[in-house]
Every structure is written in structure tokens, then in C-alpha cells.
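The values are calculated or read from the model by the stated rules, or taken from the named source; none is laboratory data. Keep in mind that what you see is a predicted model, and the values were worked out from it rather than measured. A quick note on method: Cβ atoms are made from the backbone with ideal geometry, for glycine too, and the neighbour counts reach across all protein chains shown. Protein only, heavy atoms only, side chains kept; ligands, DNA and RNA dropped before computing areas. Shrake-Rupley method; radii C 1.70, N 1.55, O 1.52, S 1.80 Å.
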Amino acid sequence: MKAVELARNYDPKDFEERIYEEWKAKKEFAPSDSDKEHFSVVMPPPNVTGILHMGHALNNSLQDIIVRYYRMLGRPTLWVPGTDHAGIATQNVVERQLQKEGLRRQDLGREKFVERTWLVKEKHHDIIKKQLEKMGCSCDWDHERFTMDEGLSRAVREAFVTLYERGLIYKGKYLVNYCPKCGTALADDEVEYENVPGKLYDVRYPYADGSGYITVATTRPETMFGDTAVAVNPADERYTAVVGKELLLPLTDRRIPIITDSFVDMEFGTGMVKITPAHDPNDWECGRRHNLEAINLLNPDGTLNDNVPVKYRGMQAEEARKLVVEDLEKGGYLVKVTDHSHDVGHCYRCHTTVEPYLSEQWFVSMKSLADKALQAWRDGDIVFYPKRWENTYVHWMETIRDWCISRQLWWGHRIPVWYCNDCGKMIVSRTDPDECPDCHSHSLRQDEDVLDTWFSSWLWPFSTLGWPDRTPDMERFFPTNTLVSAYDIIFFWISRMIMASEEFIGKAPFHDIVITGLVRDIQGRKMSKSLGNGIDPIEVIDRYGADAMKFTLCYLAAQGQDVMIDMDSFRLGSRFANKIWNATRYLLMNIEGRNLVEVERSSMTVMDRWIYSRFNDAARTISEAMAGYRFNEAAQAIYSFFWNDFCDWYIEASKGRLLHGSDAEKDVQVSILMDILEKSMRLMHPFLSFITEEIYQKLPNHKGDVISSSYPLYDAALSDPEADSLVSLLQEAARLVRAARAGLQIAPEKKLRVVIRTAGRTPSAAFMEEEAGLLASFMSASSITVDTDGSEDIKGAMPATGPGFEAFIFVREAIDVEQEVKRLEGEIKKNEALLEGTMKKLSNDNFLSHARAEAVEKEKSKKAEFEDKIQKAREHIELLRSF
RNA sequence: GGAGGAUUAGCUCAGCGGGAGAGCGCUUGCCUUACAAGCAAGAUGUCACAAGUUCAAUCCUUGUAUCCUCCACCA
């Protein structure tokens, strides 16, 4: 064979992009025709507004690892990519653009505005796709979808109309969360509560009959114009006498009654609460119980409307508050003002204070949907990794409230409801109607609102596969297998997908739900634009490469724990990739003139059998880890196998045979090295995709591409405990001598004679004798003599004790006796402490009678070992002193 | 108020009912037939605290402390 040249330096830029293009050209990401069980994953669709952040990088890296792994196991594997139209967020982006041009969306009109939003969508989509490609995501771009494309829009209509037909969608006037800035209603979970300092105002409300006054406490005095009652707790004896009396609402001429309601907390404030049904969720409920009028005080833009006295009209709430407080004070109604911090709802998109707002909206009745989703969990159809998230899921499902799905936006799926302008008939339809079924009028108008973005994303696992049609993709790839997502969208998305899937198809949409942690900065803060502490995945890739990024994230992604990283963190993966590169470069230099041969197991050395055994162990660890989505364990197994076992020991050990062996021996050595290297590329490919492909193609023994090769699995025949224990003995001996040399600062080029004394002709003695040359090179020894009968003269040598042997190093000229004695005394002390612990157990009858037999045996052998070490160390001190 | 997580080396974090681990950083010595982004050796820990269970606890139980999430409520 000819030597293959690998570039002197590992530079991912040399090949990552090229290889991705090759994969795409060869349709490697398309599912195979195999009739094995399918494996499918849908990508959580990124918002088409933004660019991808580190959270996406983590999420998609893990998906890519899973998908590549199952693909290599031979299963027809499909990873569906796509993007989400992200109603509010995207509309905000476009509105902000318009604002810069001094325009509002109303100036453009609905049609023009939506057109323009599509352009923005296209632009961002291209960026996102490019980013996913740079990361190396092996998703099938031929299956890419967008939540507003034609097929998915049809799915949305199908879902809406079906739910309507089942009586699970209704329209009504309710108090909803409303963002005045976005101009739309929000779902309950789209509101983020934040503790803000505020004031609590105690205000006097006089009795209408002039017999005095009561005091109520409020944080929002400007809403008093919407008060329609004052409530006290029915059990509150302080107020029993006044219940039913009328009050005069200050600054107005309205009269309101005192009522009782048990939601009132007697302990808080005065125990009297003003009831403003149109502007507080509790008051709204209270108002419904007592048939109180709900007076809406707000215009859609958040300014006060005509239901307030003239002087406050058109003001923003906060502005009006100051004035109302002033006026209350002037009128002698204000008792006191105290500081009071409380949680205030904010819009999760624009962070404006959310107003409870009375308006007509569409809702999904959630109870029955949630029941089915809970049942799916009880039946074991869905499993969370880690399991603890199941509590969160169950709790949310059990306390679910109806879902407000209408949004007063222009960007999104228009609600498929029409009204007849002539007879007022409401038409809910899968297709656009052109005639009223009742009066046959052609004058119809469609509902102005659009649906909540999540109303399309909750269909994602099946709408992307062609639902509501029974497409081949649906038949073949649904239900999907695994969903990978961060915990912050369990409610928004994961739970709802399960509900939708159970409702429309009667099956869970996926079986395994892998919940990742969030990516945080090194100080533990969530990465965010406003803090400016985010790390751009593209910057990481430009600096370290996509493999380094994926491997690092995988290595750090322990079971749902948050991942704290900074730019430097990625050096971990980068160093590892560099190591792989250099090891390969070295090995490929050595194939010049060699022939690959079949190596019979019977002709292998212990070292050869050992490296296969180690490889085999790694393969087992990885498949076990992957089965439980323990990515960090898999990454660690790869790292320690390739670096510690293969590079540090096996390749080092092979150098002797490569340099001094016969041609036949060299051929055998190179063949084994190439075999392990080839298998390693397959083993590592899901975790380091580009570099393994680049290398694999250059191996003399490769077949095709690594991406479509088979994944190495555990093979009981390769397991070799004997080789494992013999080699670890050898490693132990090497370490012992190295440590002794290092302790005495003996230069490596100074080769010293070493005698290894064993207790008789043991298997390890035979092994060390056989591998004396290897031992000598690991120990930088001039010669190794294995002494099985104590006949060697070890006078003047420095001793060291290993498990089952003693090593004597002839270091006479270099040795500092006192320093060495000190070290040995330290060793005695350490072993005495260990012995003490063991003795404590062994002298304890309870231990002897209760502990497992193996545990007792282990303690006994430990005792012997410690005693032996102490004994030997004492002898060694004697020996040194006798020099 | 409810739920969950974290607390292990200087830093970031694994781990586990039976002699405390990794990476980075640090110290020392080495440019050894790939890799100085490397090799070899080394130092550093009341495994947060306190009780309990157990023959045995860093690990299980219960409390405490500190930190962090989420949910609910807050007139």
C-alpha cells in the first residue's frame, strides 16, 4: 500500500462544508429502503424570525447524534426539519422594520403586510437552513416543512373544524391576557410574571347614605371606574352589618353594593376588596358568580375609553393612575400609600405589561384532550428522559385551563370561520365557502383573527408527514420515536402535541421525550440577546469546527442538567478532534509498503486482544448509554477509548513491532491498527461526523461512506477479561517505574535496568517476560529481567511494589536515599490507614454475617494487599539504608 | 403556597451502598517515529450541614442552610 497524506494540521474548514455537500448529493439523509423498524424524529421547528442560538445547537446536535446512530444501525431513518412562522414574534419584526420607515402595519393594509412578512420569512429561513447545514445536521431536506405551507395550513383547518364539530372549540366574551403593544390576546402560558415594585393605595369609599366610609386597598386605582361592587369575606364578622349597603364610587356618581365572596382574604389589607370584573381575573370570576356588570375601560391600544370620566380618556393606564391618585387625594379619599412589590404579567414576546382585557375570543376546551394525554402517559405510551419531568407534565395536564387560540394579528393561519353579512349565520368550514347555506347570500366575511402559532405547531409530528391524508410517510414514519426538546416548552408544545395526536389520531406522537437542559453562560445566566452573553454557534464552528461543537455539547449534556459554557469550553472537542487527526496521520504514514492481512485471533498478542476487548467495552457502553439518552456517558466512553486506550497504550505499544518486527509482523500490526481505526471511525461517527467521514474515506480498508456504514456493536466473542487484567498489570508496572523515575527526576534518555520479581511462575510473570521489550520501552529501561525465584541480585536497586510483583530499579547514582525513605514512609502511612478501615470491617461480626460474600472476600484480599505493601515498604526502607 | 433541581478538586461538572473521578487550571520533567492543541509524573477534597436507616453512607430517609428553575396566588 501507498502512504496516504493527511494535512499537517487539523482544520475543519478544509472539509466540513465539502463533506456536507457530498452527503446531500448522495441523498444520505433520506430514509433507506430497509424493512427494519423505522426511526423517525421531527425537529422542533425554530422560529423563522431569529437566528439559531446555542440552545438550538445543543438540541440539534443531540438529535443528529441519535439519528446518525439509528441510521447506522440499519433502520430507515427520517429526521424532518422545518421552521415555525412564530406569529407574534415575526409580526413584531416586520412592524419594527416599518416603524423605522415611519409606517404602521395599517398603512400597508393586511395583504401587503402579509406579503412583506413572507419576504422576511424567506430571508430568515435561508439563514437558519444554512446554519443547520453548517452544524452538520443530517435531516432530510426533501422533507422540510413550514408551519404555514399549504399542507400544514390544510392540517390546521382540519384540526380546527374537527374540534369545532366535536364541540371542543367555542367563541365567547371573556377576560383574556392582552398585550396592548402587540395588540393581541395571549394564552395564559404566554404571560411571564415578574416581580416589580409598586404601591398599594388605601382608598375611602363613602357609604351612599353618608353614614361614613369604608377603606379598600388597590394597586391599580385607575381601574376604579370599572368597579361594580366591593366584596368582603362572608365569615368576616367585622363587616357582617354592612353587607348589602351601598357605596358611592369616588370621582363618579355611581353606586355600588357591598357583597360577600369567600375568595376575599380577611387578612390582607382591610379585608375589603373592590371588584373590577373587566380588569382582574379574580374579580371577573367573582363578578360571574354575582351577576355583576363588567365595565371595560380600555381601548385595544391600552388607552382609557369612554367609560371613564372625560378628563382621563385617551390616557395610558400608568399616566391616568397618577392623575386619579392626585384627584383622590384632593377629594380626601386617599388614606395612605405603601410600597408593595408584586408580580405583574408581561408579554413573553415584547415584554409589555399585560392587561386583563374583556374581549371576544376563540377557545379550545382542554379537559377532555388533557384526559387522553394523561392516559397515554399512564399507559406508558410516552416516557420522559429524565423521568422527573413527568411530574411537571401530569401537574399541568391536571390543572389545565381552556386555551385561548385567537390572536388579533395578521401573520398566521386565518381562523376558518365566516359570517354571512346578510343573515349573520356563522360558517365553520374546511374550504372557503362562497355562499351562505341558510340564505344563500354571497356576501360573506372571514373572521379577522388568526390562530395562535402553537395551534399549528401542536400538529407538527403528523402534519409534516402529510396528515390529514393517509400518506406513505404517515404509514411508514408515524408515530415518531424520539422528541428532543428543552424543558421551557413542555407546556407550550410537547404537552399539546400529545393532546393533538391522541385526539386526532388516537396515538401518542412519539414514545421517548428527551428533555435537555438550557444552555447558560459560565455564570449560570440564561443566554439572551439583552444580556449579550450569548455564544453564536456559527462563531464556534468558525473557530473550532462543527465536530468540536457537537462533541463538546454532547460531552457536557448530562441528563437534563443545564449546560454552562463559554467559548473556551469548546476546546475540549477541538483538542479531541485534533488528537484523532494526528493519530490517523501517523498511522497512515506507516502503511507505506505494507499489506493488509486477515489476522487470526489465535495469532494475536495479548495487547492485540486487549485493544479489541477495550473497543468492545466502549461499544457496549455507548449502546447502553444511547438507549437511555445518556449522551455524556457515550461521549466519555469514546474519548477515553480513543485517547487513553488506543493512542496512549496501543499505538505506543505497536511502535516496537512497527520498527523492529519482521515484514510479516509489520503487516499484522498495520492490519490491526487499520482495523481498529476503521471501527473507531464508525464508532465515533454520530458524535464527530465530519472528521470521521474525512478520515474514513482515506482508509485503505474502508467501504463506502462512514455515514452509511454499520455501527459497531458489542460482541461477546471479543470480550477478553484475561487480556484486560494482564494489560492492566503491565500498565501498573509501567506507571510504578515511571513515577519512581519522575520522582527522582531521572531524564528519559537515561535507560536503567529493571528487575521485576514475582512470587513464582505466575501467568503475569509469563506475560511480563513475553512483553519484556514493551515494558522496557514504557519504562525507559535498558533491560527487563523477570525474576520468578528471587535469585536476582537486587542490591543497590530502588524498590517499588505493585499488585503481585516488585520492581527494582537500578538508580544508584541518581538516588536520594532520605527523600526516598520519606516517600516510602508516606506510603506506609497511607496503607496503614487503608488497612485500618478494612480491619474495622473484618473484625465486625455483623459485617461478616450480613455483607455479600464477594464483599467479604474483597475486604480480605484488600487486607492482604495492604499488609503486603506495608511489609514491602518496610523492607525497602531497610534495603535503601543498607546501600 | 406547591413542585423540581443544585451543593463533590481553584473552575466547569461526571459518578456511586463497599478503597473519592474527568476536563481545564496548577507544579515538575520531557520537542520520545503523529499530536507542545502533545507525552510523562504530581499536588489539591471534613463529597454543604445535622440526625437517622444499614454490617457499611459521598450515595438511601428526614430535617437545616444556601442557590436556581417552574407552577399557582398576590386587592
Among the residues of the range A:448-492, count how many are in a helix (DSSP H, G or I) and buried (at least 21 other Cβ atoms within 10 Å of the Cβ).
9
Residues in the range A:656-668: is at least one open to solvent by less than 10 Å² (accessible area, probe 1.4 Å) and either closer than 30 Å to residue A:781 by Cβ or free of Cβ contacts under 8 Å to residues at least 60 places away in the same chain (or both)?
no
Sort out which residues of the range A:463-517 are in contact (Cβ under 8 Å) with a residue 24 or more places away in the chain and over 24 Å from residue A:396 (Cβ atoms), and write them in order of number.
A:464, A:465, A:466, A:467, A:468, A:473, A:476, A:477, A:478
Does the range A:537-581 hold any residues that are open to solvent by 10 Å² or more (accessible area, probe 1.4 Å), in contact with a strand residue (DSSP E or B) (Cβ under 8 Å, 6 or more places away or on another chain) and part of a helix (DSSP H, G or I), and which are they?
A:556
What are the residues in the range A:638-661 that are away from RNA strand B (no atom under 11 Å from the Cβ) and either under 15 Å from residue A:604 (Cα atoms) or in contact with a Ser or Thr (Cβ under 8 Å, 6 or more places away or on another chain) (or both), if any?
A:641
From the residues in the range A:717-737 that are among the small types (Gly, Ala, Ser) and either closer than 15 Å to residue A:609 by Cα or away from RNA strand B (no atom under 16 Å from the Cβ) (or both), which one is least open to solvent (accessible area, probe 1.4 Å)?
A:723
Are there helices (runs of 4 or more DSSP H) fully within the range A:781-883 with at least 2 residues that are more than 10 Å from RNA strand B (Cβ to nearest atom) and open to solvent by less than 80 Å² (accessible area, probe 1.4 Å)? List them.
A:817-842, A:853-881
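Of all residues in the range A:232-249, which are among the acidic types (Asp, Glu) and away from RNA strand B (no atom under 12 Å from the Cβ)? Talk me through it step by step, then tell me what you get.
Looking only at the range A:232-249, we keep the residues that are among the acidic types (Asp, Glu), and these are A:236-237, A:246.
Answer for the range A:232-249, where residues must be among the acidic types (Asp, Glu) and away from RNA strand B (no atom under 12 Å from the Cβ): A:237, A:246.
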What's the number of the condition residue A:552 fails, among (1) closer than 29 Å to residue A:389 by Cα; (2) of a type outside the set (Asp, Glu); (3) touching a Phe, Trp or Tyr at 6+ places or on another chain (Cβ under 9 Å); (4) more than 10 Å from RNA strand B (Cβ to nearest atom)?
(4)
Is it fair to say residue A:619 is touching a helix residue (DSSP H, G or I) at 6+ places or on another chain (Cβ under 6 Å) and either among the hydrophobic types (A, V, I, L, M, F, W, C) or more than 7 Å from RNA strand B (Cβ to nearest atom) (or both)?
no
Which residue is farthest from RNA strand B (Cβ to nearest atom), if the candidates are limited to the range A:738-767 and must be in contact with a strand residue (DSSP E or B) (Cβ under 9 Å, 6 or more places away or on another chain), over 15 Å from residue A:787 (Cβ atoms) and aliphatic (A, V, I, L, M)?
A:752
Considering the range A:250-264, residues that are in contact with a helix residue (DSSP H, G or I) (Cβ under 7 Å, 6 or more places away or on another chain) and open to solvent by 50 Å² or more (accessible area, probe 1.4 Å), and then whichever is nearest to RNA strand B (Cβ to nearest atom), we arrive at A:263
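For the range A:118-140, give me each residue that is more than 23 Å from the chain's Cα centre (by Cα) and open to solvent by less than 60 Å² (accessible area, probe 1.4 Å).
From the range A:118-140, those more than 23 Å from the chain's Cα centre (by Cα) are A:118-124, A:126; that's our starting set.
Result: A:120, A:121, A:124.
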Among residues of the range A:338-352, those that are touching a Leu at 6+ places or on another chain (Cβ under 9 Å) and more than 11 Å from RNA strand B (Cβ to nearest atom), counted
3
Of the conditions (1) within 14 Å of RNA strand B (Cβ to nearest atom); (2) over 20 Å from residue A:353 (Cβ atoms), residue A:293 fails just one. Which one is it?
(1)
Open to solvent by 10 Å² or more (accessible area, probe 1.4 Å) and assigned to a loop (DSSP other than H, G, I, E, B): which single residue out of A:111, A:5 fits that description?
A:5
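A quick yes/no check of all residues on (1) within 16 Å of RNA strand B (Cβ to nearest atom); (2) of a type in the set (A, V, I, L, M, F, W, C); (3) modelled with pLDDT under 95; (4) within 28 Å of residue A:401 (Cβ to Cβ):
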| site | (1), (2), (3), (4) |
| --- | --- |
| A:449 | no, no, yes, yes |
| A:467 | no, yes, yes, yes |
| A:487 | yes, no, yes, yes |
| A:533 | yes, no, yes, no |
| A:538 | no, yes, yes, no |
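Within the bounds of the range A:675-683, is there any residue that is part of a helix (DSSP H, G or I), without any contact (Cβ under 8 Å) to a residue 40 or more places away in the chain and buried (at least 21 other Cβ atoms within 10 Å of the Cβ)?
Within the range A:675-683, one or more residues are part of a helix (DSSP H, G or I), without any contact (Cβ under 8 Å) to a residue 40 or more places away in the chain and buried (at least 21 other Cβ atoms within 10 Å of the Cβ).
Looking only at the range A:265-286, filter to residues that are closer than 9 Å to residue A:217 by Cβ and within 7 Å of RNA strand B (Cβ to nearest atom); which one of those is most open to solvent (accessible area, probe 1.4 Å)?
Selected residue: A:268.
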When the range A:176-206 is checked residue by residue, the ones that are more than 16 Å from RNA strand B (Cβ to nearest atom) and either at positive phi or surrounded by fewer than 16 Cβ atoms within 10 Å (Cβ to Cβ) (or both) are A:183
Considering A:717, A:723, A:747, which residue is aliphatic (A, V, I, L, M) and over 30 Å from residue A:589 (Cα atoms)?
A:717
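Which of the residues belonging to the range A:564-581 are out of contact with any Ser or Thr (no Cβ under 9 Å at 6 or more places or on another chain) and either away from RNA strand B (no atom under 16 Å from the Cβ) or among the hydrophobic types (A, V, I, L, M, F, W, C) (or both)? Before you say what the answer is, go through the steps one by one.
Going through the range A:564-581, the residues out of contact with any Ser or Thr (no Cβ under 9 Å at 6 or more places or on another chain) turn out to be A:564, A:566-568, A:575, A:577-579, A:581.
Once the filter is applied, which keeps residues that are out of contact with any Ser or Thr (no Cβ under 9 Å at 6 or more places or on another chain) and either away from RNA strand B (no atom under 16 Å from the Cβ) or among the hydrophobic types (A, V, I, L, M, F, W, C) (or both), the range A:564-581 yields A:564, A:567, A:577, A:581.
Only one of A:609, A:630 is buried (at least 18 other Cβ atoms within 10 Å of the Cβ) and within 27 Å of residue A:689 (Cβ to Cβ); which? So that I can check it myself, show each step before the final result.
Numbers: A:609 fails: within 27 Å of residue A:689 (Cβ to Cβ).
Residue meeting the stated conditions: A:630.
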Reported set for the range A:392-421 where residues are touching a strand residue (DSSP E or B) at 6+ places or on another chain (Cβ under 9 Å) and farther than 30 Å from residue A:116 by Cβ is A:392, A:393, A:402, A:420
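Scanning the range A:582-610 for residues that are of a type outside the set (D, E, K, R), assigned to a helix (DSSP H, G or I) and away from RNA strand B (no atom under 16 Å from the Cβ), which turns out farthest from residue A:7 (Cα to Cα)?
Residue satisfying both the conditions and the ranking: A:602.
Against the definition (among the aliphatic types (A, V, I, L, M) and part of a loop (DSSP other than H, G, I, E, B)), how does residue A:747 come out, yes or no? Let's see the steps before the verdict.
Working: among the aliphatic types (A, V, I, L, M): yes; part of a loop (DSSP other than H, G, I, E, B): yes.
For residue A:747, the condition - among the aliphatic types (A, V, I, L, M) and part of a loop (DSSP other than H, G, I, E, B) - is met.
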